[in-house]
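Below is one structure, written out as structure tokens; comments come after it.
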Amino acid sequence: MSEAAKPESERRKFRAIKGTRDILPPDSALWNWFEKAARSVMESYNFGEIRTPIFEETELFARSVGSDTDIVSKEMFTFPVVPSAHELALNLFEGQQQFNQEGDFVSTDDAQRFREEKAGKLVSLRPEATASVCRAYIEHGMHTRAGDQKLYYIGPMFRRERPQKGRYRQFYQIGAEVLGTSDVPAIDAELIEMLTVLLERCQIEKYTLLINSIGCADCRPKYVELLRAKLREPEIFSKLGADSQRRVETNPLRVMDSKLPEEQEIIEQKLPKISEHLCADCKTHYEKLKKELKLREVLFTESPRLVRGLDYYMRTTFEITSPILGAQNALCGGGRYDGLVEMLGGPKGIKGIGFALGEDRFIDAIQEAKKIHATRPVDVFVAWMGERAYPTAVRLARVLRGEKHTVELPPEETKFRKALERADKMGARYVLIIGEDEIASDMLTIKRLADGKQEKISEEALVDFFRPPVPSKEGPGN
Ligand code: AMP
């Protein structure tokens, strides 16, 4: 039996894949509002948008995010690029072209690419975007452009994590990167200031900005040895969980990051703090960063626990958490990665700093903070009745939409009582009534739904009636 012939209860239904979700109106209006706010804040700091592909070579992420991180080792959606039958056929043809007239073998880029693909090159859906931004920066020689490159991106990221509230397998990030030859702390501070401006715009007041410096290739290894020695002390080692015990040898920095309740006291009180073991240059950089933040009236808390395990991360790291989010309380994370561009094959001496914020979590925080729910109210509901009223209704709906009002025009004639009910349900503010009487008298009726007040106006007065534009209710602040 065909699927359509079955009763509805037996027809196969599709659901969004685990860890992914749909964002529907009216919630999508809040997402749009937030993205607009983020763009406007970042553009006011002279950042320009970069759009990169959603999948890249797996190797790019393995090298930049780190092949022993959870993200790369367990959480990426990876698939081989298998040549299609069509490509195979094409290659046969190209194969003949690989010999020139003298009969010498000529290697073409396409043939080379084909061979790589045939060898089963792996690609992955991006778990984050810094790697892609750096890849694009190198690929397009952006270091030859004038000044620092200040770039931002908005888009979906993919990680095969265990889904829960605030944690998805497809989630959305907004991030910014500054790439260039300078690493002055004012760059770091301005980037962080920009984030606090965005938080303010979203009216998220309850948040903590944590900062730390994780030193450089000079001072960090010495600190790591000191930390390892401390962690090996029997009275400390014996109190660590199995994961941390393992990390004492493999990556002791990550012990600082542990969330295990029984390790918290040790981490807070017994372990050395990297900020106290920085080399002179890193120390000066960190002190200047703090001064710059104060200058910008950005409140921060120092957290020795903010660490990153990869060599090219250095100096400034920061995170923004919010208590209103529950278990997944990180809104945003960022830091300096001065060695990354070079490590990905780019020019020497290019420094970078960036952040990525979780859009899903920002939306939750905006809704929590203000207890507002996304609404995209209808400004004007056009209730029309009668064949003679219809052309006027169509024309006036267009005029009002041209004035940027949200207008609902029922596609079919609806009895006024029904139309008013629907307008009310939609949260419309005004109903524009156009019936036989209105057409005969050349006057329109406008009803304000909040108090039922009704008045008659001429068509010429209509646009002015709604001016200044009804303020948009989406997003916080209204
Ligand atoms: P990260 O790239 O891990 O530093 O993450 C940056 C930000 O992205 C975090 O602070 C979160 O707000 C957000 N984020 C990371 N992973 C997820 C996820 N699986 N679901 C939702 N948001 C996430």
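Nothing charged except the Cβ atoms of Lys and Arg (+1) and of Asp and Glu (-1): what's the magnitude of the dipole of the range 380-466 about its Cα centre? Round to the nearest 20 debye.
Dipole size: approximately 380 debye.
Rolling a 1.4 Å sphere over the protein heavy atoms, what is the accessible area per residue of the chain, to the nearest Å²?
For the chain, the per-residue accessible area is 54 Å².
Nearest 20 debye, what's the magnitude of the dipole of the chain about its Cα centre given +1 on Lys and Arg Cβ and -1 on Asp and Glu Cβ?
1200
Lysines within cross-link reach of LYS273: Cα-Cα under 29 Å, excluding same-chain residues under 8 positions apart?
Hits, sequence-local ones excluded: LYS206, LYS222, LYS230, LYS239, LYS259, LYS283, LYS288, LYS290, LYS291, LYS294, LYS351.
Dipole of the range 209-336, Cα-centred, from +1 at each Lys and Arg C-beta and -1 at each Asp and Glu C-beta, to the nearest 20 debye?
Result for the range 209-336 is approximately 280 debye, rounded to the nearest 20.
Leaving out ligands, DNA and RNA but keeping every protein chain, what accessible area does LYS13 have, in Å² rounded to the nearest 10, with a 1.4 Å probe?
Accessible area of LYS13: about 120 Å².
Mind checking which lysines have their C-alpha under 16 Å from LYS18, skipping anything on the same chain fewer than 8 residues away?
Qualifying lysines at Cα under 16 Å: LYS165.
State the percentage of accessible surface on the range 380-466 attributable to carbon and sulfur atoms; use a 1.4 Å probe and exclude ligands, DNA and RNA.
Of all accessible area on the range 380-466, carbon and sulfur atoms account for 49 percent.
Leaving out same-chain residues fewer than 8 places away, which lysines sit with a Cα under 17 Å from that of LYS404?
Excluding near neighbours in sequence, the set is LYS36, LYS473.
Restricting to DSSP H runs of at least four residues, report the calculated mean residue ellipticity at 222 nm for the chain, -39500 (n - 2.57) per run over all residues, nearest 500 deg cm²/dmol.
Using -39500 (n - 2.57) per qualifying helix, the result is -10500 deg cm²/dmol.
Tell me, what HN-Hα J-couplings in whole Hz come from the Karplus equation 6.51 cos²θ - 1.76 cosθ + 1.60 at θ = phi - 60° for each residue of the range 230-247, using x for Gly and Pro?
For the range 230-247, the Karplus curve yields 5, 5, 6, 4, x, 5, 8, 3, 5, 8, 7, x, 4, 4, 5, 4, 5, 6 Hz.
The values are calculated or read from the model by the stated rules, or taken from the named source; none is laboratory data. Quick caveat, the model's predicted, so the values are computed rather than measured. Cβ sites come from the backbone with ideal geometry, for glycine too, and all protein chains shown count toward neighbours. Side chains included, ligands, DNA and RNA excluded: accessible areas come from the protein's heavy atoms. Shrake-Rupley method; radii C 1.70, N 1.55, O 1.52, S 1.80 Å.
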